[in-house]
Amino acid sequence: MFKVLDRLSLPNNIHCVSIEGDIKFLEKGLKLFDEKGNIFEIESVGMTSYRNMEDFSKYAEVVLCGDVENIGTMLRPYS
């Protein structure tokens, strides 16, 4: 499960979302859903820089396709 921390709108209905959670399984093409039932597909995964090295494994920026304007507060893998 991933907590949605922030989002940034990009051109062409693409959004970059900051998340917190166990990010080691995130990859392009993975689908995520929120508590509202919205489904998103990961276009890209990036790591952010934090001061503490242990933060590297729990924070990421993901570029998502989907209705990110209405994204919930938590994301889960969609299967």
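The values are calculated or read from the model by the stated rules, or taken from the named source; none is laboratory data. Since the model is a prediction, treat every value here as computed from it, not as a measurement. We place every Cβ from the backbone using ideal geometry, glycine too, and count neighbours over all the protein chains shown. Only protein heavy atoms, including side chains, enter the accessible area calculation; ligands, DNA and RNA are left aside. Shrake-Rupley method; radii C 1.70, N 1.55, O 1.52, S 1.80 Å.
Observations on the structure shown:
- Here the label points at residue 76 and residue 36, each 7 Å from Cα along the C-beta direction, are separated by 1.8 nm in the simple model.
- Charge tally around residue 57: other residues with Cβ under 13 Å, Lys/Arg +1 each, Asp/Glu -1 each, net -2.
- Less than 5 angstrom separates the built amide H of residue 72 from those of 35, 36, all sequence-distant by 5 or more or on a different chain.
- Charge tally around residue 31: other residues with Cβ under 14 Å, Lys/Arg +1 each, Asp/Glu -1 each, net -3.
- Computed log₁₀ I(q)/I(0) - Debye formula, equal Cα scatterers, no solvent, the chain, q 0.14 Å⁻¹: -0.39
- Accessible-area composition of segment 1-41, carbon plus sulfur, in percent [1.4 Å probe]: 51
- Percent of C-alpha pairs per 5 Å bin, segment 15-55, short to long: 5, 17, 30, 26, 12, 8, 2
- Label-point separation in nm, residue 67 to residue 54, each point 7 Å along Cα→Cβ: 3.9
- Exposed-site-free run, longest, the chain (rule: chymotrypsin sites (Phe, Trp or Tyr not before Pro); DSSP loop; at most 16 other C-beta within 10 Å): 1-49
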